[in-house]
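Please read the structure below before turning to the comments.
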Amino acid sequence: MKYLIPVFVFLFMILPLAAIAQICTIYTGVPSTDIGPMTQRLLDILDRVAYFLLVLGTAGGILVVIVGGIKYMLAGGDESKVGDAKKLITYGILGFIIVIAAQFIICWVGEVFASLYAY
């Protein structure tokens, strides 16, 4: 039990880095000369917005889990407070999973459209 907290701290420090390392661009494989400067600029803006939302969602999910853990520790055995803290932790983890899934979907759709456009 005493090793559980350092493991969770380590995981929550590593998971955002792993998620950010997997970021792909929406226009993967499409040369900028083929799509035009205005489309390229729009895709750059969309990439930056997607990256910002990924970082914001990841930080938000981790923050919600941390707040839920603090509420759990401070519950003092009160079942209603413990239940609320567990819900908060669950919602934080689900939110984090949704953010990662959304980034995966954005990357996948971008690669599909890029491959369709390339042919």
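Entry note, region 35-118: relative contact order of 31 percent, from Cα contacts under 8 Å with a spacing of 6+ residues. Our estimate of slack between Leu53 and Glu79, defined as 0.36 nm per intervening residue step minus the Cα-Cα distance, is 5.9 nm. When Val49, Val55 are sorted by how many other C-beta atoms sit within 10 angstrom of their C-beta, beginning with the fewest, the order is Val49, Val55.
Among Ile100, Ile105, sorting on how many other beta-carbon atoms sit within 10 Å of each Cβ, with the fewest leading, yields Ile105, Ile100. Going from the residue with the fewest nearby Cβ atoms within 10 Å to the one with the most, Glu111, Glu79 rank Glu79, Glu111. Multiplying the residue separation of Lys87 and Ile5 by 0.36 nm and removing their Cα-Cα distance gives an extension gain of 27.6 nm.
Based on the Cβ-Cβ distance of Gln40 and Ile97, what FRET efficiency does E = 1/(1 + (r/R0)^6) give at R0 = 25 Å, to the nearest 0.05? FRET efficiency, Gln40 to Ile97: 0.20.
The numbers here are math on the coordinates, done by the rules we state, and not lab data. In this text the structure is predicted, and so the values were computed from the model without any measurement. A quick note on method: Cβ atoms are made from the backbone with ideal geometry, for glycine too, and the neighbour counts reach across all protein chains shown.
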